[in-house]
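Encoded as structure tokens, the structure appears first; notes follow it.
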Amino acid sequence: METDNTSDALRLSILGMRCAGCVSSVEGALAAVTGVESVNVNFADHSALVTGHAEPEALKQAIKEAGFDAAIMEGLEDPAEQEAQELQRYQELMHKAAVAGAFGLCLMTFEHLGWLPDIGSSTGQWLWPMIALLTLGVLWYAGRHFYVGAIKSLQLRQANMDTLIALGTGSAWLYSCIVIDYYAFLPSLATHAYFEAAVVILAFINLGTGLETRARGKTSSAIRQLIGLQPRTARVLRNGEEQDIPIEQVGLGDVLRVRPGEKIPVDGVVQEGHSSIDESMLTGESLPVEKTIGATVVAGTMNQTGSFLFTATRIGRDTALAQIINSVRQAQSSKPEIAKLVDKISAVFVPVVVAISLLTFVIWSLVGPEPSLAYAFVTSMTVLVIACPCALGLATPISIMVAVGRAAQSGILIRNGDALQTAGKLTCVVLDKTGTITEGKPVVTAIESLCDLDEARILQLAASLESSSEHPLAASILKAAEQQQLKLEKMTRFEAIAGFGVSAYYQEQQLLLGNQALMASYAIPLNIDVRLEALSALGQTPMLLAIAGRLVGIIAVADPIKKDSFAAVEQLKNQGIRIIMVTGDNPITAQAIAKQAGIFEVKAQVLPQDKAQLVKTLQEQGEIVGMVGDGINDAPALAQANVGMAIGTGTDVAIESADIVILQGSLFKIPEIIGLSKATVTNIKQNLMGAFFYNTISIPVAAGLLYPLFGVLLNPMIAGAAMAMSSLTVVSNANRLRWMK
């Protein structure tokens, strides 16, 4: 009995993660579970991708013990439900911010107008304790999630954003209570209560988190659009009747009806009827695609004109749409090297900040001006509040999420963050010829008669000969005959001669169709070498037809280049990319195709196994290589390349053999990928520089570095606002990638 060594991928929604410091805690807890092979925690969308064979309940329990909650994410979640949850979270945070802000503003206004009595006065002795209790209630309402999180972290001997906020606001309230109780024993300049600071800090942090949640929700718009493509019901034909059933009840082999304006519910093959289908959301191709009997249809695409029946071939998680969504999610959860480094920094950042805060308190207490205790308290609290590493933790994953989603909307599937980061550094792109530069579907380009038979008769006999052949060129001849509505003749004694052509008999005469070598083996004179060389120079393959030992006609077959190949190659050249075409064809045909595509470097007669060696040789020469192929025959070369890009279709995505999959066949997607990569890396650097600059500058300023020089101290409330806005700035900057052209 064979053992299944494949690893399952499981996605979990992590509840309670509020800063980058939480990432290492969650990853460590999940990695310790038996059966887990790899873990990627994405702080940007609060999810974890776990591969291996671990039990889901064991994973959830491990996360719970780490101080968080988790839920298994299965199937295609309802985007409306997701948006409703995000809206509820946003409204909850904004309400907390409003309550804390209103209370804090009232306290500040009353104090500024002199409406509050002195703490030591007879009125103050009963009023200020009431204010302390009211403040405690507001702190608990507006910041309960921070305090509970801090307590859990303390129990686990960890520190995160909750720790900083709880210490900052909690110490403000506690210090103020000490001022009330021991007013008579403190210097007069140190008898200020900071109740308003504590609640306003929470107001700003909740406001910033709410706005960040709102902005972060936009980063998942691509996923939601993809999920929203699949209809919730399907019209199935059962017992001779059509009935609407939930999409989950559709089975393999079911026959389904799709009417004009409806979405295709599952993948399948057209059985009856014809139509044109809009596949733009999956492939990025704006033009509708004609579908007739035998054509494949993909879940989520939109039927436009006709009504048709099709047989379900892929359902549930096996549909192309589900695979695409899974691929996008995995890419959004993956981490390039730069993100892994940031996670390590974030894991130790909070303990370092707490240490700096304590050091600040000690220094101000020892050498600060009077009231040194008050100054020490304010500066240490400001350090705690301003130094949250949220912006640092969001800097990379939020940009990756937006970029991968943006690519998916354009028909590009990016499998991992490293590929997205590397694509912008490519110096050389190796293009496979067939199916990449060319259409991959040979067509008849010319028919020439060398006797008294007309061209239609030449094509009719050739198609009759090829009707029993499985050679790729045979299909092009049969299709040409079908387009001209030619009736095929009955042939006898058919024989396929490998590497040469075919032979058969018609009315007791032998017919041959094949290459020059076939004609030579039957000693059939040609005398048309010049013409054959001219066709080869045009990138066309001449097939010769002979009847009863005499050459009677030529049928030229070619695999035409795609309409946009030349323009795409020129665009790559303008980006400074070296272009090499690789093919197994003969040098003459290869040079002809390369010339049409505007490519000057050609490697012809290269076997599939030698393509990987070519890529390796280029890498040894210092090139950063991108390989573009069909993702199956070119798998070794795609794996060897720095970035492997597979040309696929919506129903046949070669995900396993490449880093990036282009759903439609356009080479224009390659310069688009390179441009998106450069823009994403620039965006990540902007975010990281902003986050590092913010923390590098803000912590010393909060600690009072400017006070000896300019007499300036940072207000803790301003620190809270600055911390909240830093995260919002990072998210907003990343969202600019959504609008990249």
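The values are calculated or read from the model by the stated rules, or taken from the named source; none is laboratory data. For clarity, every value in this text was computed on a predicted model and none was experimentally measured. Virtual Cβ from ideal backbone geometry, glycine too; neighbours counted across all protein chains shown. Accessible surface areas use protein heavy atoms only, side chains included; no ligands, DNA or RNA. Shrake-Rupley method; radii C 1.70, N 1.55, O 1.52, S 1.80 Å.
Determine whether L544 is in contact with a Pro (Cβ under 8 Å, 6 or more places away or on another chain), among the aliphatic types (A, V, I, L, M) and buried (at least 20 other Cβ atoms within 10 Å of the Cβ). Answer is no for this residue. Can you find a residue in segment 44-55 that is touching a Cys at 6+ places or on another chain (Cβ under 9 Å), more than 29 Å from G170 (Cα to Cα), open to solvent by less than 40 Å² (accessible area, probe 1.4 Å) and not small (G, A, S)? Within segment 44-55 (the criterion being touching a Cys at 6+ places or on another chain (Cβ under 9 Å), more than 29 Å from G170 (Cα to Cα), open to solvent by less than 40 Å² (accessible area, probe 1.4 Å) and not small (G, A, S)), the answer is no, since none of the residues qualifies.
Inspection of segment 367-384 finds no residue satisfying the criterion of being out of contact with any strand residue (DSSP E or B) (no Cβ under 9 Å at 6 or more places or on another chain), at pLDDT 80 or above and within 30 Å of G300 (Cα to Cα). Checking each residue in segment 690-713 for being under 13 Å from A391 (Cα atoms), of a type in the set (A, V, I, L, M, F, W, C) and in contact with a helix residue (DSSP H, G or I) (Cβ under 8 Å, 6 or more places away or on another chain) picks out A691, F692. Here is the figure for segment 324-336: residues that are at pLDDT 70 or above and either farther than 20 Å from L663 by Cβ or among the hydroxyl-bearing types (S, T, Y) (or both) total 1. Of the strands (runs of 3 or more DSSP E) lying entirely inside segment 354-467, those containing at least 3 residues that are of a type outside the set (A, V, I, L, M) and at negative phi are 443-449.
Close Cβ contacts (under 6 Å, 6 or more residues apart or on different chains) running from residues in segment 622-635 that are closer than 21 Å to E672 by Cβ and open to solvent by less than 30 Å² (accessible area, probe 1.4 Å) to residues that are at pLDDT 95 or above and part of a strand (DSSP E or B) comprise V625/C428; G626/V429; M627/V430.
Return a yes/no flag: does segment 471-489 have any residue that is in contact with a strand residue (DSSP E or B) (Cβ under 7 Å, 6 or more places away or on another chain) and under 15 Å from G553 (Cα atoms).
Going residue by residue through segment 471-489, those that are in contact with a strand residue (DSSP E or B) (Cβ under 7 Å, 6 or more places away or on another chain) are 473, 476-477, 480, 489.
Next cut, under 15 Å from G553 (Cα atoms) only: 477.
The answer is yes, given that some residue of segment 471-489 is in contact with a strand residue (DSSP E or B) (Cβ under 7 Å, 6 or more places away or on another chain) and under 15 Å from G553 (Cα atoms).
Figure legend. Inter-residue proximity from segment 607-620: first residues closer than 13 Å to M581 by Cα, second residues among the polar types (S, T, N, Q), beta-carbon distance below 7 Å, spacing 6+ or different chains. Indicated pairs: V615/Q640.
Exactly one residue out of G584, G576, G598 is touching a helix residue (DSSP H, G or I) at 6+ places or on another chain (Cβ under 6 Å) and either modelled with pLDDT of 90 or more or of a type outside the set (A, V, I, L, M, F, W, C) (or both), and it is G598. For segment 476-506, give me each residue that is assigned to a loop (DSSP other than H, G, I, E, B) and surrounded by 11 or more Cβ atoms within 10 Å (Cβ to Cβ). Residues satisfying the conditions are Q484, L486, L488, E489, M491, F500. Just one of (1) in a strand (DSSP E or B); (2) hydroxyl-bearing (S, T, Y); (3) open to solvent by 30 Å² or more (accessible area, probe 1.4 Å) fails for T305. It is (1).
Looking at S449, S399, which one is surrounded by fewer than 24 Cβ atoms within 10 Å (Cβ to Cβ), in contact (Cβ under 8 Å) with a residue 24 or more places away in the chain and of a type outside the set (V, I, T)? Steps first, answer last, please.
Details: S399 fails: surrounded by fewer than 24 Cβ atoms within 10 Å (Cβ to Cβ).
Result: S449 is the single residue among S449, S399 that is surrounded by fewer than 24 Cβ atoms within 10 Å (Cβ to Cβ), in contact (Cβ under 8 Å) with a residue 24 or more places away in the chain and of a type outside the set (V, I, T).
Starting from residues that are aliphatic (A, V, I, L, M) and not in a helix (DSSP H, G or I), keep the ones in segment 693-736 and report whichever is farthest from P369 (Cα to Cα). Across segment 693-736, the extreme among qualifying residues is L714.
In segment 541-560 there is at least one residue matching the filter, namely being under 30 Å from V429 (Cα atoms) and in a loop (DSSP other than H, G, I, E, B).
The residues on offer are E272, E290, and the sole one that is open to solvent by 30 Å² or more (accessible area, probe 1.4 Å), assigned to a strand (DSSP E or B), modelled with pLDDT of 90 or more and of a type in the set (D, E) is E272.
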